[in-house]
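Right, one structure below, let's go through it.
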Amino acid sequence: MNDEEATQPRRAWTPREAAHQLGIPYETVLRLIHQERLHAVTAGRYYLIPDSALESFLNPRTRK
C-alpha cells in the first residue's frame, strides 16, 4: 500500500463491515437494505453501502 492509498477515506462498505460499524447483526443490515431503509448499490451479486448512506442512516434528520 502506498501513501496515497493509506490517506484515501473509505467510500463504501460491505454489509458485514457496515454491521460492525453500526454495532448491529449482519442479518439486520441485509434486512434494512431489502426494506430500502439503508441505501446500497449492487456490484454484481454483492452489496456496497456508500459512506453517505451510513451517515444518513445514523442521522435521520438528513434523510430525504
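The values are calculated or read from the model by the stated rules, or taken from the named source; none is laboratory data. Quick caveat: nothing in here was measured; it's all calculated off a predicted structure. These accessible areas exclude ligands, DNA and RNA; they are computed on the full protein's heavy atoms, side chains included. Shrake-Rupley method; radii C 1.70, N 1.55, O 1.52, S 1.80 Å.
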Subject >> GLU36 vs. criteria more than 8 Å from the chain's Cα centre (by Cα) and not in a helix (DSSP H, G or I) >> reply: yes
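One residue is enough: does segment 23-34 have a residue meeting the conditions modelled with pLDDT of 95 or more and among the basic types (Lys, Arg)?
We begin by selecting, within segment 23-34, every residue modelled with pLDDT of 95 or more; these are 23-34.
With among the basic types (Lys, Arg) added as a condition, the list becomes 31.
Yes, because at least one residue in segment 23-34 is modelled with pLDDT of 95 or more and among the basic types (Lys, Arg).
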Subject >> Number of the condition not met by HIS20 [criteria: (1) in a loop (DSSP other than H, G, I, E, B); (2) of a type outside the set (D, E, K, R); (3) open to solvent by 80 Å² or more (accessible area, probe 1.4 Å)] >> reply: (1)
